[in-house]
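**Student:** Just dropping this structure here.
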Amino acid sequence: PASWSLAAACLDGTILSLVGGTGAELAASTERRHAAGVNTVAFTPSGKLLLSGGDDGVVKVTEFATGRTVATGTGHSHNVTSVVALSDTEFASCGEDATVCLWSVPADSA
């Protein structure tokens, strides 16, 4: 079987990341990404970038493999409730402020 990745949003502002290999090995990490609870996570189509949105009103784009923050979006005035990747460089978010924000990152980040 091929390797796989999973990310889970946590109410303490962390994201739990799990990566499984082709054998029995499993790597797990937990990193604080937001100042408040994380409500939503999504991978870009390539799986290289992870999008997240939280109760802090912030959208974060991180490299999944390294945890490096690629971009931070602050277009929401309330909780971010959903993020979706439109491509490897463009994504959208919506929040409790009744807005939808469109975002992009440089192609060399994707």
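**Student:** Find out how many positive minus negative residues lie around G37, taking Lys and Arg as positive, Asp and Glu as negative, among other residues whose Cβ is under 15 Å from that of G37.
**Tutor:** Charge balance near G37 sits at -2.
**Student:** Compare W103, W4 by solvent-accessible area with a 1.4 Å probe and give them largest first, with all protein chains kept in place.
**Tutor:** W4, W103
**Student:** Once you keep just the Cα pairs under 8 angstrom separated by 6 or more residues, what percentage relative contact order results for the stretch 50-110?
**Tutor:** 27 percent
**Student:** On the protein heavy atoms, probe 1.4 angstrom, tell me the percent of accessible surface of the chain carried by carbon and sulfur.
**Tutor:** After summing per-atom areas, the C and S share lands at 55 percent.
**Student:** Now for a separate question. How big is the charge dipole of the stretch 21-110 about its Cα centre, in debye rounded to the nearest 20, if each Lys and Arg gets +1 on its Cβ and each Asp and Glu gets -1 on its Cβ?
**Tutor:** 140 debye
**Student:** Can you list residues from other chains, or at least 5 along the same chain, whose modelled amide H is less than 5 Å from the amide H of L49?
**Tutor:** Amide H neighbours of L49, under 5 Å, 5+ apart: T44, F64.
**Student:** Here's a follow-up. Mind putting together the pair-distance distribution for the chain? All Cα pairs, 5 Å bins, whole percent per bin, short to long.
**Tutor:** 2, 14, 24, 23, 19, 10, 5, 2, 1
**Student:** With every protein chain kept in place and ligands, DNA and RNA left out, what is the accessible area per residue of the chain? Probe 1.4 Å, answer in Å².
**Tutor:** 52 Å²
**Student:** With each label point set 7 Å from Cα along the Cα-Cβ vector, what nm distance links S46 and A8?
**Tutor:** Here the modelled spin labels are 2.8 nm apart.
The values are calculated or read from the model by the stated rules, or taken from the named source; none is laboratory data. Since we're looking at a predicted model, the values are computed, not measured. Cβ coordinates were reconstructed from backbone atoms using ideal geometry, including for glycine residues, and neighbour counts include every protein chain displayed. Heavy atoms of the whole protein, side chains included, go into the accessibility calculation; ligands, DNA and RNA do not. Shrake-Rupley method; radii C 1.70, N 1.55, O 1.52, S 1.80 Å.
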